[in-house]
Amino acid sequence: MENEHQRLGSTLQSKLDVYNEIQKQFKPVFRYFFFEKFKNPEMWFERRLAYARSVATTSIAGYVVGLGDRHVNNILVDHTTAELIHIDLGIAFDQGKLLSTPELVPFRLTRDIVDGFGVTGVDGAFRSACEETLRVLRKEEYIIMTILDVFRFDPLYRWKVNPFSKRQKRQETEEKHKEGKEGSAEETTGNKEAVRALLGVQKKLSSNASVECQINELIQIAQDPSNLSRMYSGEIKIL
């Protein structure tokens, strides 16, 4: 997949073809994690349910705040509770869409993640937990927006992420020193990127569409092969 991404002349269709071929060669196996770790039937059922609910809650919460960079190295599994643990939360508020390889899905819902849900797939505990999570977040919209609004006035928080911006940041710092400025009013009291980010969160919490409709659309986008075939395929490690 990585070779296809780097190949000169690669197209959206060729990426999708390679992705589909890989799917034929490799089957999802995450169900065996639960068989091997939790041999007691009751424990197996409880842990698998906890896993599905944790995937749902972290997925919807991450979608609302626009958490990006969710490749396999940043999603861990607790071997005791079977719940997901997300790390490396530096890219948020949909800034992942601006990366060199942009994020095209609202959250990670690959075949192996779904394989852990059991025979019901996304239509069992996962979907119901997603819907309930979104209902709660919509209900608490005022509190969420109030908390996020605090960051808008934090001069230390950077709202704009650019993977190629080290040189730009250094240049901006030098220019500020030359001009004798520590930061403009726009940067400290509500820059455009902050406003854009907060509006994006507010839009996701809007009640214009039903919870069921919104969750169904998100699940479809997250599982769309045409989106997955174009995304970051993860770091390649040769052992």
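Among the residues in segment 76-86, are any assigned to a helix (DSSP H, G or I) and at negative phi? Reasoning before the result, please.
Pass one, segment 76-86, residues assigned to a helix (DSSP H, G or I): none.
Looking for residues that are assigned to a helix (DSSP H, G or I) and at negative phi, one finds none in segment 76-86, hence no.
Total residues in segment 206-239 satisfying the condition of being within 15 Å of Thr133 (Cα to Cα) and either part of a helix (DSSP H, G or I) or modelled with pLDDT of 95 or more (or both): the figure is 9.
Residue-level check: of (1) polar (S, T, N, Q); (2) modelled with pLDDT under 65; (3) under 27 Å from Ser100 (Cβ atoms), Asn191 misses just (2). Of the residues making up segment 45-55, at least one is exposed (fewer than 14 other Cβ atoms within 10 Å of the Cβ) and modelled with pLDDT of 95 or more.
Just give me the residues in segment 78-112 being among the charged types (D, E, K, R) and touching a residue at least 60 places away in the same chain (Cβ under 8 Å), in sequence order. Steps first, answer last, please.
Just the residues of segment 78-112 that are among the charged types (D, E, K, R), to begin with: 78, 83, 88, 94, 97, 103, 108, 111-112.
Of everything in segment 78-112, those that are among the charged types (D, E, K, R) and touching a residue at least 60 places away in the same chain (Cβ under 8 Å) turn out to be Asp94, Glu103, Arg108, Arg111, Asp112.
The residues listed here are Phe107, Phe164, Phe126; of these, the one that is modelled with pLDDT of 95 or more, part of a loop (DSSP other than H, G, I, E, B), within 22 Å of the chain's Cα centre (by Cα) and closer than 30 Å to Ser229 by Cα is Phe107. Quick one: would you say Ile113 is at pLDDT 85 or above, on the phi < 0 side of the Ramachandran plot and surrounded by 11 or more Cβ atoms within 10 Å (Cβ to Cβ)? Yes, satisfied. Could you please find all residues in segment 48-75 being under 10 Å from the mean Cα position of the chain (by Cα), assigned to a helix (DSSP H, G or I) and not polar (S, T, N, Q)? Ile60, Ala61, Gly62, Tyr63, Val64, listed by residue number. Looking across segment 58-104 at every residue that is within 18 Å of Tyr232 (Cβ to Cβ) and among the β-branched types (Val, Ile, Thr), the one that is surrounded by the most Cβ atoms within 10 Å (Cβ to Cβ) is identified as Ile91. Residues that are outside any helix (DSSP H, G or I), crowded, with 16+ Cβ neighbours inside 10 Å and either modelled with pLDDT of 95 or more or over 25 Å from the mean Cα position of the chain (by Cα) (or both) within segment 1-44 comprise Phe30, Phe38, listed in sequence order. Taking every residue in segment 29-47 that is over 12 Å from Asp112 (Cα atoms) and of a type in the set (Lys, Arg) and pairing it with any residue that is modelled with pLDDT of 95 or more and surrounded by 14 or more Cβ atoms within 10 Å (Cβ to Cβ), at least 6 positions away or on another chain, the pairs with Cβ-Cβ distances below 6 Å are Arg47/Phe38; Arg47/Ala82.
Scanning segment 88-110 for residues that are hydroxyl-bearing (Ser, Thr, Tyr) and at positive phi turns up nothing.
The values are calculated or read from the model by the stated rules, or taken from the named source; none is laboratory data. Treat the numbers as computed from the prediction; the structure is a model and nothing was measured. Note: ideal-geometry Cβ built from the backbone for every residue, glycine included; neighbour counts use all protein chains shown.
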